[in-house]
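**Student:** Before I ask anything, here is the structure I am working with.
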Amino acid sequence: MAEAARNTTEEELRALHAVVDATRLLVLTVDENGSVQSANRAFERATDFGRERWRRPIWELAALPNERALLRAAFSPLREQELPHALLFHLRTARAWRVVDWDVSVIHDERRAPTVVLAGLDQTERQEAEQQLRASDALQRVILDRLPAVVWSTDTELRITFGAGGGLSALGLAMNQLATLGTSMYAYLHTNDSTHPVIAAHLRALTGELAPYELRWMDRLYHGRVEPLRDAQSRVVGCIGIALDVTDQVGAAKALEESEARLQRLMDADVIGIAFWDAGGRLTEANHAFLSLLGFSRDDLRQRAPSWQELTPPEYRAADERAGAEMDATGKCAPYEKEYIAKSGEPVPVLIGAARIDHGKDGSRASVAFVLDQREQIRLRASRDRLLIEEQRARLETELANARLLLLVAGSKQLSRSMRVEEVLSALADVVVPALADWSCVVHRGAGDEPLIACAHGDPNKRELLHRLHGFVPDPNAPEGPARVFRSGEPALYADIGAEQLAPSGPGFSLVGTRDPEPLHLIREIGMRSLLCVPVRDRGRVDAVLMLVSANDPRRYDRQDVVLAQDLADRAAVSLEKARLLSEAIESVRARDDFLAVAAHELRTPLTSLVLQIQMLERTLAADRPEVDAARRGVSAAEKQARRLSLLIDRLLDVARLAGNRLAIHVEEFDLAAMLRDVVSAYAPELQRAGCSPRLAAPERAVGRWDRLRIEQVLTNLLANARKFGEGRPIEVTLDATPTRVRIGIRDHGIGVSREDQARIFGRFERAVSVRHFGGLGLGLYISVQIVRAHGGSLRIESSPGAGSLFIIDLPRTPELAMNVDRRAPAGVQAPPPPLSRN
Amino acid sequence: MTAADAEDRVVLVVDDDESIRETLQMALELDGYATAFAGNGEEALLWLRKNPAPRLILLDLMMPGMDGWQMFEHLCNDEQLARIPVVVITAFGRDLGTVGKLPILKKPFDLQELLRVVGDRAQPGCP
């Protein structure tokens, strides 16, 4: 065009202008400074601009700022090499802007600077049409955008001509992003590889095939399909592709698959019972573990599916229903323990957890249950519980044993401190309260007819009541209670006592051994719900009974209490024995002191006479004419006192001999009747002086083998005794003889001897009366009984205070002499003949 | 010798031992005393009620029936009898109790001592 211009004339130039003006194209020329030099009529029409308005830099004709910047950069100054061949910008007009698509060319003229010619096609109408088209497509696009897919089309060069679909956002692309339009699929996928699955699919589609593919793209998995795009003549003009993002579906399916595999493994492993229940609660499927737990086979299940109610004991149905409600609310239930009924009818303990599972198109909800066999667990738990109980019991028993030991130790200490019988009884009653009893009593036989009783109560308010019980004495004939223990020597346990057993009006004795309403009333008031009586034994005899009483509390005595109480009672027995021995020792010392005092007295009395007689004799003989008769009387009296002293000394020696086991017995045959007559006769004057005239009743003869002197000594002792204590009343002496034995009785009617004293008057140094009133060594009866025993016989007394005494000597005619003398015990009335040596 | 003099020469011996009684009689007679005897307290009180008060009572303690202690108590409770001097004769070696402050002839005593005590005539011993 520049070449032609050089060679044309002005006419030709005008004609050319006319052509330019005639064209529909908008034509501008721009100089090297970017200023518009000329514009054709089409331009002026399109813009309604006259010369004055279009003569300006070209960028000022652009409507949009970025377009203005772009144009200015290209034209000011003109950079020919960088000029685009095509330009699209919005052209300002007098009314609005037009979209114009420009072709750009440069005219070079040697005489002047190059001129840029822009020939533009007004695209405004086309664009508006396209806009309308796009608006009509909008609904479809909205729908497409909701799809989790990408839909696109390409031309045969695989340039993207259309793109839509919600899947774009997953690809980091904005919907309607035009930038991708026109982009080649190769560029989009950043590949030149024609075997790339997407590229390959497109290439296949271009050959008319339908091509599916799978692609992992930007961490998502797509299933795609590319089809050929055909025109009206069915020629392939491009491709239509659709790709679905299947990442989530595939993931879910895979997870499901894995889950199912795991479940299957779980089911197959039989570690845990798994059962499926339909919405109606029937067992539809179960693994081997579940079936074998309940003893069912698959056939059983096939023949008839049992319901959970059938398999559940009634007491667990409520728990199952609660679990069902929980599953309805949350889809699952917390594990809980229940029992199933096995096919055999046996209960099977299990731990169960369950969940609802969607099932069926009808929306019914089935469930799956996971069941753990708890039998071993229960067994272990039971065993552990048993062990725990045993351990607790053992600990309790140890504590109990410790407490008992402490009680025994404390009891022993308290008992051992007690020196008197009464103290021992009090200590025993005290020590069991309150550890073993609410209250307690110890009933002791006592020394004489009067029993001793000691009681203790843990409650100070009840002690006064208990004190009033001190006069209570159980009847020895009562069948139960302390009386029974006194008789049998065995403990008596009354674990649970009813009111009727303490009633005074019953037909028999009350439990405590009395019918007396007063102590019974007291005992009921103090309370007695459980009673334990144990014997306190000394040398095989029950000396006392310890009564332990549980008053109101729940304590009931049992065998263990018996053992403990008996242990305490045995310790008390030792203390009693000790107290008795101590008392005996004290008594023995007292008796010895008494004896020494009396012995001194008895020796001094004849000694006084003897001394006075000798001094008088001395005085008589010192006179100028001594009186021979007086001197003779003095000598005779002195001799009498000397003999008396000798006799006393003999007796003391006898005691020493008995103590040293050296009493000599020399038996010879003689007539005891004759000897008795002689002794009574010889002693008669002295008896008569005391007012105790003797009467003798004896057979003619009673011959036997005895020690004459010793038997005579016994008879003299007993007669002296009768005189001494006979209160001036007559004395009867009798002799009875059988072929093998003889019996001598000496009866006085004097002061008598109490039962208590009867046991001890035969002891060494013992006397039943005060030394102030009755002289004598107190050895007579002791020596006598030893002599009689040495003959194999016995000496005893029948007496009561104020009614006189009968001493009875029983002798075998031919004594069987034993070897040893009992030096220890006082000879009791009932004591067997002790052995005595003969030297 | 007047009757009163004669009465003043009487000594009452209270002792249950016959030999003691006999010996004391013989010994006191040597110095011209007359003696009366009782085997225990009861007998002695009976004698005292029937006879004039003796010069002295020689009182043994350990006797059957009423003993020496009891008799002394009776004497002291009787205004007349309480004036009679009492000398205890005893072989009892222990604490003498209520009669502990009386003059004592402890058995065995000798003749001279006996005659001195009787001759001196002790003061009445009742409190």
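**Student:** Working only within the stretch A:553-573, note down all residues that are part of a loop (DSSP other than H, G, I, E, B) and either out of contact with any Asp or Glu (no Cβ under 7 Å at 6 or more places or on another chain) or under 15 Å from A:Leu493 (Cβ atoms) (or both).
**Tutor:** A:Pro554, A:Arg555, A:Arg556, A:Tyr557, A:Asp558
**Student:** Additional query: Could you say which residue among A:Ala243, A:Ala201, A:Ala232, A:Ala255 is of a type in the set (Gly, Ala, Ser), more than 29 Å from A:Glu321 (Cα to Cα), part of a strand (DSSP E or B) and more than 42 Å from the chain's Cα centre (by Cα)?
**Tutor:** Numbers: A:Ala201 fails: part of a strand (DSSP E or B); A:Ala232 fails: part of a strand (DSSP E or B); A:Ala255 fails: part of a strand (DSSP E or B).
So the residue among A:Ala243, A:Ala201, A:Ala232, A:Ala255 that is of a type in the set (Gly, Ala, Ser), more than 29 Å from A:Glu321 (Cα to Cα), part of a strand (DSSP E or B) and more than 42 Å from the chain's Cα centre (by Cα) is A:Ala243.
**Student:** Another one. Restricting attention to the stretch B:11-35, report how many residues are within 11 Å of chain A (Cβ to nearest Cβ) and part of a loop (DSSP other than H, G, I, E, B).
**Tutor:** Looking only at that region, the number is 4.
**Student:** For A:Lys338, all conditions in the list (1) touching a strand residue (DSSP E or B) at 6+ places or on another chain (Cβ under 8 Å); (2) part of a helix (DSSP H, G or I); (3) basic (Lys, Arg) hold save one; what is the number of the exception?
**Tutor:** (2)
**Student:** If you don't mind, there's one more thing I want to ask. Considering only residues of the stretch B:115-127 that are of a type outside the set (Lys, Arg) and assigned to a helix (DSSP H, G or I), which is farthest from the other protein chains (Cβ to nearest Cβ)?
**Tutor:** Only one residue tops the list, namely B:Asp120.
**Student:** Which one of A:Glu602, A:Glu584, A:Glu577 is open to solvent by 80 Å² or more (accessible area, probe 1.4 Å) and part of a helix (DSSP H, G or I)?
**Tutor:** Details: A:Glu602 fails: open to solvent by 80 Å² or more (accessible area, probe 1.4 Å); A:Glu577 fails: open to solvent by 80 Å² or more (accessible area, probe 1.4 Å).
Of A:Glu602, A:Glu584, A:Glu577, the one residue that is open to solvent by 80 Å² or more (accessible area, probe 1.4 Å) and part of a helix (DSSP H, G or I) is A:Glu584.
**Student:** Between A:Arg632, A:Arg643, A:Arg651, which is under 26 Å from A:Val733 (Cβ atoms) and surrounded by fewer than 16 Cβ atoms within 10 Å (Cβ to Cβ)?
**Tutor:** Step by step, each of A:Arg632, A:Arg643, A:Arg651 is checked, and only A:Arg643 is under 26 Å from A:Val733 (Cβ atoms) and surrounded by fewer than 16 Cβ atoms within 10 Å (Cβ to Cβ).
**Student:** Now for a different question. Give the stretch A:666-701 a look and list any residue that's of a type in the set (A, V, I, L, M, F, W, C), within 30 Å of A:Ala600 (Cβ to Cβ) and surrounded by 15 or more Cβ atoms within 10 Å (Cβ to Cβ), or say none.
**Tutor:** A:Val679, A:Leu687, A:Ala690, A:Cys692
**Student:** Here's something else I'd like to know. Which residue, of A:Leu596, A:Leu610, is under 20 Å from B:Val88 (Cα atoms), facing chain B (nearest Cβ under 9 Å), out of contact with any His (no Cβ under 6 Å at 6 or more places or on another chain) and open to solvent by 20 Å² or more (accessible area, probe 1.4 Å)?
**Tutor:** Only one candidate qualifies: A:Leu610.
**Student:** Checking A:Phe765 against (1) at pLDDT 90 or above; (2) touching a helix residue (DSSP H, G or I) at 6+ places or on another chain (Cβ under 9 Å), which single condition isn't satisfied?
**Tutor:** (1)
**Student:** When you go through (1) open to solvent by less than 10 Å² (accessible area, probe 1.4 Å); (2) out of contact with any Gly (no Cβ under 9 Å at 6 or more places or on another chain); (3) at pLDDT below 90; (4) more than 10 Å from chain A (Cβ to nearest Cβ) one by one for B:Ala38, which number turns out not to apply?
**Tutor:** Evaluating B:Ala38 over (1) open to solvent by less than 10 Å² (accessible area, probe 1.4 Å); (2) out of contact with any Gly (no Cβ under 9 Å at 6 or more places or on another chain); (3) at pLDDT below 90; (4) more than 10 Å from chain A (Cβ to nearest Cβ) leaves (3) as the failure.
Let's see how each residue does on (1) touching a residue at least 12 places away in the same chain (Cβ under 8 Å); (2) open to solvent by less than 90 Å² (accessible area, probe 1.4 Å):
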{"residue": "B:Asp67", "(1), (2)": "yes, yes"}
{"residue": "B:Leu75", "(1), (2)": "yes, yes"}
{"residue": "B:Arg83", "(1), (2)": "yes, no"}
{"residue": "B:Val87", "(1), (2)": "yes, yes"}
{"residue": "B:Leu105", "(1), (2)": "yes, yes"}
{"residue": "B:Gln112", "(1), (2)": "no, no"}
{"residue": "B:Gly119", "(1), (2)": "yes, yes"}
{"residue": "B:Ala122", "(1), (2)": "yes, yes"}
{"residue": "B:Gly125", "(1), (2)": "yes, yes"}
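**Student:** Of everything in the stretch A:67-101, what is under 21 Å from A:Glu52 (Cα atoms), open to solvent by 50 Å² or more (accessible area, probe 1.4 Å) and not in a loop (DSSP other than H, G, I, E, B)? Give them in sequence order.
**Tutor:** A:Arg68, A:Arg72, A:Arg92, A:Trp97, A:Arg98, listed by residue number.
**Student:** Going by the conditions given, is A:Ala656 more than 28 Å from A:Gly728 (Cα to Cα), out of contact with any helix residue (DSSP H, G or I) (no Cβ under 6 Å at 6 or more places or on another chain) and surrounded by fewer than 14 Cβ atoms within 10 Å (Cβ to Cβ)?
**Tutor:** yes
**Student:** Before we move on, is A:Ala42 within 21 Å of A:Val20 (Cβ to Cβ), of a type in the set (A, V, I, L, M, F, W, C) and outside any loop (DSSP other than H, G, I, E, B)?
**Tutor:** Criteria met by A:Ala42.
**Student:** For the condition under 14 Å from the mean Cα position of the chain (by Cα), farther than 21 Å from B:Lys107 by Cα and open to solvent by less than 40 Å² (accessible area, probe 1.4 Å), what is the one hit in B:Val10, B:Val14? Break it down stepwise before answering.
**Tutor:** Working: B:Val14 fails: farther than 21 Å from B:Lys107 by Cα.
Checking each option against the conditions leaves just B:Val10.
**Student:** Restricting the search to the stretch A:622-646, which residues are aliphatic (A, V, I, L, M) and away from chain B (no Cβ under 13 Å)? Explain how you work it out, then say what you get.
**Tutor:** Of the residues in the stretch A:622-646, the ones aliphatic (A, V, I, L, M) are A:622-623, A:628, A:630-631, A:635, A:637-638, A:642, A:645.
Result: A:Val628, single match.
The values are calculated or read from the model by the stated rules, or taken from the named source; none is laboratory data. Computed from a prediction, not measured in an experiment: that's the story for all the values here. For neighbour counting, all protein chains shown are included, and Cβ atoms are generated from backbone atoms with ideal geometry for every residue, glycine included. Ligands, DNA and RNA are stripped out before the accessible areas are found, and what is left, the full protein with its side chains, is counted by its heavy atoms. Shrake-Rupley method; radii C 1.70, N 1.55, O 1.52, S 1.80 Å.
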